[in-house]
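Here is the structure we will look at.
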């Protein structure tokens, strides 16, 4: 209950029960009553407060501009008490302002990795790497939500980054990040996904969505499960293995990969992106995806996306549509509430930078051939891919990425001997650890296809030693699970 916001209702009654005439003054509460009079002066009744009001914060992103409203909720009604063109989140008695912390870095040629002093290399371009901080409104404490890249970056073809907040409840944020590039490696780097960040704990919640996805209504999960199974069947048929049934997919294979919250015509819309693991030869991301949408659900209590009070819903209707939205209820009273509202109203409103950053580097004809070969490989046109890599190697017989790319196309086409020769040539022409890690991973894939589990295990272990990746660890774990 907030005394500063209570509405007092004064009800005046005369001794005979009649209200005073409209043209007669109403005495103050301290006016004396004459003793012995037949009718005393009208006295004010005891003030009666209205229903306690609640404080809520609602934030939303529209056209790349964040807005946060401090709402007073009383029953079915909502009043905007303050508004800032900033992204401010809060829960209980704590509030944070989100601010971008981007850093520009020099992008150097891949050959510079082998040089002792990168200063000897010419900067090819500059890339804005994306960062995000949360600043506590009460004491200014800074929490790093996403750290930007620093130092130098090494680029071969292109790079793209993305960072956005796609929903949240209270002190919990849904943060989507993207990092895609051909950065001097045998494979493109492609990492994307939504993670859960807890501002109170100051860290990302490991396995933020957990296993509670199976508590979601079957009507929501089933269509996505059917799409996942369709993709798994296509994959498993290529692997000459028996694909699982829908029940097995939904019970054992299906997981929640991403969750985002948008506002459509004033109504929150949840977008669920489910995934299922597959082998690398079916997807270079190691999983396939399928999506579904819903409104707020009682079953989404684990992430707080349950139906809202009517007053908050009315406020969302007034906002309309937004790319992302979040909210939180505050528990503040008296002077603490007044101070928080003052700090909220004084929060800065800096421009919100674009949520993506990219660059395309000047490419030689040889690297264009490499890129074309990779594109054909993704499209499973292995003959065309091998042709493009052949042309690249003819122009530059020491181009390791061309050998690696051709070897991978041979691997997927089932040409295991040719693949092995290309991978060995790639290792000879490029000694960088992260490059060799990718090639050793492919050697592990080749060994599995050849039925040599021990060689596969050794190759994955070597890849993990050179560069720690989820893919190599997952491949080792899968070998352990399949061990007799």
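What follows draws every value from the coordinates through simple rules; no lab data is involved. Keep in mind the model is a prediction, meaning the values are calculated, not measured. So basically every Cβ, Gly included, is an ideal-geometry build from the backbone, and we count neighbours across all protein chains shown.
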ask   = What FRET efficiency do you get for residue 247 and residue 160 if R0 is 45 Å and r is their Cβ-Cβ distance, rounded to the nearest 0.05?
value = 0.70
query = If R0 is 51 Å, what FRET efficiency do you get for residue 483 and residue 79 from their C-beta distance, rounded to 0.05?
reply = 0.20
key: Ratio Rg/Rh [Cα only; Rh per Kirkwood] for the range 317-407   = 1.46
ask   = Computed FRET efficiency, Cβ-Cβ of residue 421 and residue 215, R0 60 Å: what is it to the nearest 0.05?
value = 0.75
message = Given an 8 Å cut-off on Cα distances and at least 6 residues of separation, report the relative contact order of the range 363-482 as a percent.
response = 16
message = Kirkwood hydrodynamic radius, the range 363-482, all distinct C-alpha pairs: what's the number in Å?
response = 14.4
task = Please sort 375-386, 436-447 by packing, taking for each peptide the average over its residues of neighbouring beta carbons within 10 angstrom, highest first.
result = 436-447, 375-386
query = How far apart, in nm, are two points set 7 Å out from the Cα along the Cα-to-Cβ line at residue 139 and at residue 265?
reply = 4.7
